[in-house]
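To keep things clear, I will list the structure first and then write my remarks on it.
The values are calculated or read from the model by the stated rules, or taken from the named source; none is laboratory data. As the structure is a prediction and not an experimental result, all values here were calculated from the model. Because the Cβ atoms are built from the backbone with ideal geometry, glycine has one as well, and the counts that use them run over all protein chains shown. These accessible areas exclude ligands, DNA and RNA; they are computed on the full protein's heavy atoms, side chains included. Shrake-Rupley method; radii C 1.70, N 1.55, O 1.52, S 1.80 Å.
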Amino acid sequence: MPASECVPFAKEGGLADVVGALPKYLAAMGHDVRVVIPRYYRVDRERFGLTPLPGVLVVPMGICGNMYCGVYEGRIPESGVPVYFLEHEEFYGRAGLYEKDNESFLDNDNRFIFLARAALELCRMLDFRPDVIHVHDWHTAAVPVYLNTIYRDDPYVGGAASLLTVHNMQHQGQFYEGAMDVLGVGWDQFTYLGLEKDNEVNLLKGGIYNATLLNTVSEGYAREMQTDAFGWGLEGVVRERATDLHGILNGVDYTEWNPETDPLIPATYGIDDLSGKGLCKRELQREMGLPVRDDVPVFGLVSRLVKQKGIDVLAEAIPRILELDLQVVMLGAGEPWAHFYFGDVMAAHPDRFALRVGYDNRLAHRIEAGADFFLMPSAFEPCGLNQMYSLRYGTLPVVRAVGGLDDSVENFDERTGAGTGFKFHDLTAGALFDTVGWAVHTWYNRKDALQRLIRQAMAQRFTWEDAARRYELLYRLAVARRKGKDLPGAAFGGR
Ligand code: ADP
Ligand code: GLC
């Protein structure tokens with residue numbers, strides 16, 4: 001499983017949670033799973049007890065010639081899953097994973113082509129013959145292209161099927177066409193039915209065409225990514241492979257996100273005794289500098305502050321939202337305008353709005369435990385993890401009905417009392433405001449219905465055991481397909 005992120009070593013978003021969790025559960029089912037990621041500067045070799053493998057890995061990089069890297073080995077904590085770290089000072093010896101000061105590194109094409117190719121070469125070094133190579137997003141999407149071209153007859157990986165999981169259609173790894181010469185797969189792959197898009201190299205597109213099978217992280221997003229509104233220009237390509245595309249909702253690591261045992265929250269609680277949640281709320285208000293009040297609902301938000309997360313719509317809606325008697329607690333980092341804008345909101349409404357800029361796992365847990373509601377007004381959300389954490393913590397999600405948010409949250413039904421949260425459809429400040437208003441009204445005036453929603457939410461489970469079983473089925477299907485034992489493939493893929 002080559003990837004660009006893996007918890008606990010390197011994380012920007014939910015991709016890291018998936019790559020850190022899924023292999024553990026596959027290993028528990030008896031599979032031999034191995035992860036490959038870059039040894040970014042921030043991955044502390046001593047803290048994680050990484051040990052160097054003997055020898056040097058030679059990575060052919062097209063016209064750049066052979067490049068070399070060291071390989072360190074570690075384990076996903078509490079599992080025997082090996083993680084191989086590629087040590088390459090020039091490419092990965094930097095503070096950020098993908099960017100600096102909100103600007104993508106100019107050599108991201110080479111950095112991730114290197115990752116893809118090194119992962120394949122590593123199999124030779126380890127004398128390892130995988131049945132399936134499972135890649136994630138554009139960063140490792142070159143792997144399926146390699147498997148269908150220069151590695152087609154390779155004794156180590158030539159027989160391997162590939163699965164590409166798309167976590168996000170917006171980021172596609174699109175680069176100047178010269179990247180073809182570094183990839184080294186031949187210019188005949190630079191076509192409309194391959195790596196070319198708008199006269200540039202598009203690694204995600206190449207992966208979508210070449211992977212044996214495809215999936216994304218919810219059934220909802222699997223449908224959405226085939227449409228103009230969500231496909232970011234690759235919807236047609238995805239549609240061509242629609243029969244090979246599956247949706248598997250991510251799981252939650254309930255050993256980490258469980259209010260009954262969470263060591264990071266001030267008081268633990270469970271579905272039968274919620275008293276600890278009141279304490280968590282007061283402690284959150286205190287920590288965030290808000291008035292400590294039981295008689296006001298608290299809305300939490302933990303997110304990358306980017307347009308995908310609907311932060312611009314929230315910015316538009318927040319003045320009206322803060323006219324309601326409520327409190328909002330926000331934790332995140334991202335686009336600089338958002339830091340300034342929401343900083344100003346906090347200065348103007350110190351009794352209602354509190355912002356922490358930055359990345360803080362401890363505070364994320366405390367917000368999940370201490371808030372009454374959790375906001376996710378995403379423009380698109382392939383899966384989303386925080387709404388699933390929120391459900392477990394009895395913190396009712398207020399979400400836009402897209403992708404994984406729509407699949408994992410059931411809307412409150414005023415008539416029957418069913419539901420686990422509050423949903424809206426239009427990506428507008430008005431719709432967001434109305435839905436927050438609905439939640440606030442329910443909190444103040446329908447306490448019984450609210451208690452029922454909280455219990456229904458806390459009873460939900462999205463386990464990695466379930467997700468891993470579904471991945472196992474996909475792997476088996478992919479292996480059969482690659483060996484030609486399956487029905488003949490569609491016009492594309494099936495290779
Ligand atoms: P995405 O991957 O698009 O950012 P997800 O909901 O899948 O969205 O995953 C986000 C993950 O990152 C969650 O585990 C969330 O708790 C975490 N996260 C995001 N921003 C922060 C932050 N500022 N501090 C702590 N955790 C954060
Ligand atoms: C991406 C998506 C997010 C998803 C995560 C893990 O970052 O934006 O919705 O939960 O990947 O699959």
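Listed values, structure above:
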quantity: For residue 370, net neighbour charge (Lys/Arg +1, Asp/Glu -1) across residues whose Cβ lies under 11 Å away; calculated: +1
quantity: Value of relative contact order over the chain, rounded to a whole percent, pairs C-alpha under 8 Å and six or more apart; calculated: 13 percent
quantity: The chain: calculated mean residue ellipticity at 222 nm from DSSP helix runs of at least 4, using -39500 (n - 2.57); calculated: -10500 deg cm²/dmol
quantity: Under 5 Å, built H, 5+ apart or other chain: amide partners of residue 249; calculated: 219
quantity: Solvent-accessible area of residue 367 with every protein chain in place, 1.4 Å probe, in Å² to the nearest 10; calculated: 0 Å²
quantity: The range 272-331 - Kirkwood radius from inverse mean 1/r over Cα pairs (Å); calculated: 13.0 Å
quantity: HN-Hα J in Hz across the range 406-420 - Karplus 6.51, -1.76, 1.60, θ = phi - 60°, x for Gly and Pro; calculated: 5, 6, 9, 10, 9, 5, 4, 9, 4, 6, 9, x, 5, x, 9
quantity: Distance between the range 304-350 and the range 206-278 - C-alpha centres, whole angstrom; calculated: 25 Å
quantity: Solvent-accessible ranking of 150, 37, largest area first, probe 1.4 Å; calculated: 150, 37
quantity: Under the Karplus curve 6.51 cos²θ - 1.76 cosθ + 1.60, θ = phi - 60°, whole-Hz ³J(HN,Hα) for the range 336-344, x wherever Gly or Pro sits; calculated: x, 4, 5, 4, 5, 4, 6, x, 5
quantity: Restricting the range 2-53 to GluC sites (Glu not before Pro) in coil, as DSSP defines it, with at most 12 other Cβ within 10 Å; calculated: 46
quantity: Total formal charge among the other residues, if their Cβ is under 13 angstrom from that of residue 303, Lys/Arg +1 and Asp/Glu -1; calculated: -1
quantity: Gain in span if fully extended, residue 273 to residue 448, counting 0.36 nm per residue against the direct Cα distance; calculated: 61.4 nm
quantity: Angle between the chain longest axis and helix 429-445 axis [Cα atoms, degrees, rounded to 10]; calculated: 50 degrees
quantity: Debye-sum result for the range 275-458 in log10 I(q)/I(0), which assumes one identical scatterer on each alpha carbon, at q = 0.17, 0.18 Å⁻¹; calculated: -1.06, -1.21
quantity: Ordering of 436-444, 118-126, 17-25 by packing [mean C-beta count within 10 Å, highest first]; calculated: 17-25, 118-126, 436-444
quantity: Net +/- balance of residues flanking residue 42 in space, Cβ distance below 12 Å, scoring K and R +1, D and E -1; calculated: +2
quantity: ³J(HN,Hα) computed for each position of the range 194-200 - Karplus, 6.51 cos²θ - 1.76 cosθ + 1.60, integer Hz, glycine/proline x; calculated: x, 8, 8, 8, 6, 6, 10
quantity: Dipole magnitude of the chain about its Cα centre (Cβ charges: Lys, Arg +1; Asp, Glu -1), debye to nearest 20; calculated: 880 debye
quantity: Rounded Å value of the spacing that divides the Cα centres of the range 396-470 and the range 84-116; calculated: 38 Å
quantity: Other-chain or far-sequence residues with amide H under 5 Å of residue 398's (modelled H); calculated: 374, 375, 376, 422
quantity: Nonlocal amide H pairs with residue 134, under 5 Å, H built at 1.01 Å; calculated: 163
